[in-house]
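Values in this text are rule-based calculations from the coordinates and carry no lab data. On a predicted model such as this, the values are computed, not experimentally measured, just so you know.
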Amino acid sequence: MNPVYDIAPNPAGNGWMVIDTTTGDVARVGDREMSSLSIEDADDLADLLNHLERIKRAKMH
């Protein structure tokens, strides 16, 4: 399975963001966009969101 979430530099030049690769949109947790993050935080968050996505998909099958 390809990861749903990936990281990319924020075009505004202030850190990194987590991207939903299925839509191209910045990922959201609650009502907050996951942008302006350190590279470490963005990478950790993308890993966590991808892990949760795998769990969700496994429960659907």
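How much mean residue ellipticity at 222 nm does the chain get from its helices, if each DSSP H run of length 4 or more adds -39500 (n - 2.57) and you divide by all residues, to the nearest 500 deg cm²/dmol?
Numbers: 1 runs with 22 residues, N = 61.
Result for the chain, helices only: -12500 deg cm²/dmol.
Enter the angle in degrees (range 0 to 90, nearest 10) between the Cα long axis of helix 39-60 and the first principal axis of the Cα atoms of the chain, meaning the one along which they spread out most.
Computed tilt is about 20 degrees.
Determine the percent antiparallel among the DSSP beta bridges restricted to the stretch 5-60, to the nearest 5.
On the way: 9 of 9 bridges.
Here the share of antiparallel DSSP bridges comes out near 100 percent.
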